[in-house]
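Since every read-out is calculated from the coordinates, none of them should be taken as a lab result. If you're wondering where the values come from, they're calculated on a predicted model, not measured in any experiment. Glycine gets a Cβ as well: all are built from the backbone with ideal geometry, and neighbour counts include every protein chain shown.
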Amino acid sequence: MINIYCDESCHLEHDDANSMLMGAISCSFEEKERIYREIRHIKEKHGLSTWTEIKWTSVSPSKLPFYLELIEYFVNEKALAFRAVVVKNKNNLNHKLYNNGSHDLWYYKTYYYLLDPIFDYNNEYNIFIDIKDTKSGPKVIKLHEVLCNNRYDFKHEAIKGIYQIKSHESEILQLTDLILGAIGFYHNNHYQRSESSHAKKTVVSELFRYYEMAICTGTKRGTNKFDVFLWELR
């Protein structure tokens, strides 16, 4: 059984961001509790409560060593794999022409492109999505249906379910938020600005040590540890 923890960044239709991102970290069900414990230990090591939520928006000079260690933890933890879809030029979207006028429909199409390459036919999956709003339940059900039908999993035997959870319930979901936030910081041109947060730039630079080409130019489908699909809208 594989668990997949999903998050999004800059997904609102009329925000100021040029790039929209979806991201996911996957790990085996058997490894989940160990990873939770180890991340909580890192929190305690840095004088934080185990209930402290890992967030990209919380990266600051005082917590920089903590966030850098989390990046190192992800890099070295073989049980964790990351995938992201980066939608470039989001403002070029034409929902009337392609998405029946619906930004929400586009949102879930993007989730399909995020998740489908992760699946193989030898595993079963549970998918956990950070709660978007109180009205997204029917769309999550539809996403589950589409993913299953595409793999002829009509009885939902492989893709067991998609569940909405709150980010404080899962350290792995929080780690997804951190890595996705760093990638979005780069692709929305904050990393290049002199006035941007030095602490956040440092976290991005740490990711660049290992995955700079993946973040900047994308990867081939099926890349295992750190897979980034750059989708540039014309």
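Hey, if you drop one equal point scatterer on each alpha-carbon of region 171-213 and run the Debye formula without solvent, what base-10 log of I(q)/I(0) do you get at q = 0.13, 0.20, 0.23, 0.31 Å⁻¹? The Cα Debye sum returns log10 ratios of -0.26, -0.60, -0.77, -1.15. For chymotrypsin sites (Phe, Trp or Tyr not before Pro), the sites in region 118-213 that DSSP calls loop and that have at most 16 other Cβ atoms within 10 Å are Tyr121, Tyr152, Phe154. Across bins of 10 angstrom width beginning at 0, how are the C-alpha pair distances of region 110-234 distributed, in whole percent? Whole-percent P(r) values from 0 Å outward: 11, 34, 36, 17, 3, 0.
The GluC sites (Glu not before Pro) found in region 146-191 that occupy coil by DSSP, while having at most 11 further C-beta atoms within 10 Å, are Glu157.
Taking the Cα centre of the chain as origin, work out the dipole magnitude from +1 charges on Lys and Arg Cβ and -1 charges on Asp and Glu Cβ, in debye rounded to 20. Spell out each step's value before the answer.
On the way: 30 positive and 31 negative charges, 73 e Å.
With only Lys, Arg, Asp and Glu charged at Cβ, the dipole is about 360 debye.
Residues Asp120, Asp227, Asp153, arranged from fewest to most other Cβ atoms within 10 angstrom of their Cβ, appear as Asp120, Asp153, Asp227.
Which pairs, out of Lys45/Lys225; Lys88/Lys155; Lys142/Lys200; Lys160/Lys220; Lys45/Lys139; Lys55/Lys220, put more than 32 Å between their alpha-carbon atoms? The answer is Lys88/Lys155; Lys142/Lys200; Lys45/Lys139. When region 134-234 is described by a simple charge dipole with +1 on each Lys and Arg Cβ and -1 on each Asp and Glu Cβ, the residue from Ala158, Ile141, Asn189 located farthest towards its positive end is Ile141. Name the residues whose placed amide hydrogens come within less than 5 Å of the amide hydrogen of Asp227, ignoring near sequence neighbours (fewer than 5 apart) on the same chain. For Asp227, the qualifying residues are Phe82, Arg83, Ala84.
Among Arg151, Arg221, sorting on how many other beta-carbon atoms sit within 10 Å of each Cβ, with the fewest leading, yields Arg221, Arg151.
Ordering Lys142, Lys63 by the number of other Cβ atoms within 10 Å of each residue's own Cβ, fewest first, gives Lys142, Lys63.
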